[in-house]
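To keep things clear, I will list the structure first and then write my remarks on it.
The values are calculated or read from the model by the stated rules, or taken from the named source; none is laboratory data. Since the model is a prediction, treat every value here as computed from it, not as a measurement. Backbone-built Cβ (ideal geometry, glycine too); neighbour counts: all protein chains shown.
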Amino acid sequence: MTLVIVIIALALIFDYINGFHDAANSIATVVSTKVLTPLQAVLWAAVFNFAAFFIFKDHAVANTIGKTVIDTYITLPVILAGLIAAIFWNLLTWWYGIPSSSSHTLIGGFAGAAVAHAYLTKGFVAFSSVVEMEKIVKTLLFIFLAPMIGMLISMFIALVTIHRNTWIKIGIIAAVSAGTWVMFIRFQENKMDENIQKFFRVDKYKKEFEKTPTDKKAAEKLAKAKSNYEKAKPFLTEYPSDGAETVAKNIAAIVPFDELEVSKLKDIVSKTAKIESKKKEAFYNESKKPALDSLVAKIEGLKPLFKSHRKIGADSLAIAVSHAMNFSGADEDKLKKSFKINLEKDLSKELAKADNSFLRYSLLCIIAIFVLSYIYIEKLRKPSANRTANMFKKLQLLSSAAFSLGHGGNDAQKVMGIIGAALIANGNISDFKDLPNWVPLACYGAIGLGTLSGGWKIVKTMGTRITKVTPLEGVSAETAGAVTLFMTEQMGIPVSTTHTITGSIIGVGATKRLSAVRWGVTRNLLVAWLLTIPVSAAVAGLVYLLVRLFI
């Protein structure tokens, strides 16, 4: 347990460092345009970093980060080594004023430590058997795609903004807004679909079937899960009008939850018996496999008890299971609480997590404010350079707030993923959906405090060295960065806020003329980005060797 506490502490320290390392991403443009002083800017950014806690509920990015490495190779020493390497690289790049990616530092460190662990314990194994290649490939792709998306959006915003015909400008904005609304609706539908598949355990049984395709029981479980999912799926269309609770109730009326309840109870007992940690021990030590098989068989033998849980009640079931499994009195008390399950309520929560309506309406409000500002300054008042500049200075407060929300929502989740992986590896929780509420609260708080500490060396690079930024261009860059971060968060892809805002700043610079961008600085940044994951992985591998000497 001591090691878990150390890992959590280091993870929050990394989150804090991430905050001041990436503070420049949120405040560089608003400081360089003199809209806010550096102190005002970090206070502004920190508030909205923390406010993201109340907006982003699904934590898809955290789930992606935590599952970057195959479960079997996730151990506490691996997580510890990855964190130490990530902290080292983050501090090093901060010291030299290099805006590298904290996200990719963490991913590289986690993966590098896991590979070193695999090679030391199992000999040479394929890289794809240690890490989830699909997640790694997506992350690598978005090293290039995130800044490109940010750049294209910022160029579009800048070009539309400088268009002279106000009504054409507003028409373009309205059309793009409608497209964005539809896109985020689609994100919500996809997330709900994904969450309901997880609820019916389609993903879990699919993995089991892929491991043992000839196992009839595995095939039956998968078929049953898919059948339940297909029955429930049509009810998702009712969500916008009826809400999560009604949809969950309607699904429960047509799809029997009996088998799911049995599986849930079995998972609770398995967690209490620390089955996952015992599986890892058996993976590395064959002599422990018979004891594990015996324990698993004993839990399987409890199914008749699980099936009768509604008749005998949670307390009686906990007493019977504790007696059969030789659990302690403390474990029995925990089971009494855990066995009081309500899957209909759980399903309602899973559906509500996918709801991005607050985000959609927030974007709509931002767009409405932009449009009203254009009408006011261009139609109701006589346009002047001074009035226009002042308008964009005020709008930059809004755009920087939006970007800080995206920064908090994206980056705090990465640390949540690492803490979640540690809690699962230690047997405290069985899945990311069981993540305690204090974890996201602590992570959002740590990144907010880190942002308050600032990162002045990187502010200089981001705010002045890439290109000189005006208030109009600051608004364009920050809005583009915010939209990109909101999009990728909805997709569950961990992207770099550094890469995103850099691409956005390059976009507004290139809008003026290509020579306005200092491409030499940009090239150096790109080299740093490409080196981050392999260097972090190599450092983590070395750190893991040292950690092994003491743990």
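Miscellaneous remarks
- Close pairs (6 angstrom Cβ cut-off, 6 or more residues apart or separate chains): in contact (Cβ under 8 Å) with a residue 40 or more places away in the chain in the range 246-267, hydroxyl-bearing (Ser, Thr, Tyr) and assigned to a helix (DSSP H, G or I) anywhere: VAL247/TYR239; ALA248/SER348
- Of the residues ALA412, ALA389, ALA402, the single one that is at pLDDT 90 or above, of a type in the set (Gly, Ala, Ser) and in a helix (DSSP H, G or I) is ALA402.
- Boolean, LYS57 is over 23 Å from PRO534 (Cα atoms), charged (D, E, K, R) and either assigned by TED's automatic domain parsing to the domain that holds LYS138 or in contact (Cβ under 8 Å) with a residue 12 or more places away in the chain (or both): yes
- Residues in the range 69-97 that are crowded, with 22+ Cβ neighbours inside 10 Å, touching a Leu at 6+ places or on another chain (Cβ under 9 Å) and of a type outside the set (A, V, I, L, M): GLY82, ASN90.
- Restricting the range 407-422 to residues that are under 11 Å from the mean Cα position of the chain (by Cα) and of a type in the set (Gly, Ala, Ser), the residue that is surrounded by the fewest Cβ atoms within 10 Å (Cβ to Cβ) is GLY409.
- Any chance ALA291 is at negative phi, assigned to a helix (DSSP H, G or I), of a type in the set (A, V, I, L, M) and loosely packed, with under 15 Cβ neighbours inside 10 Å: yes
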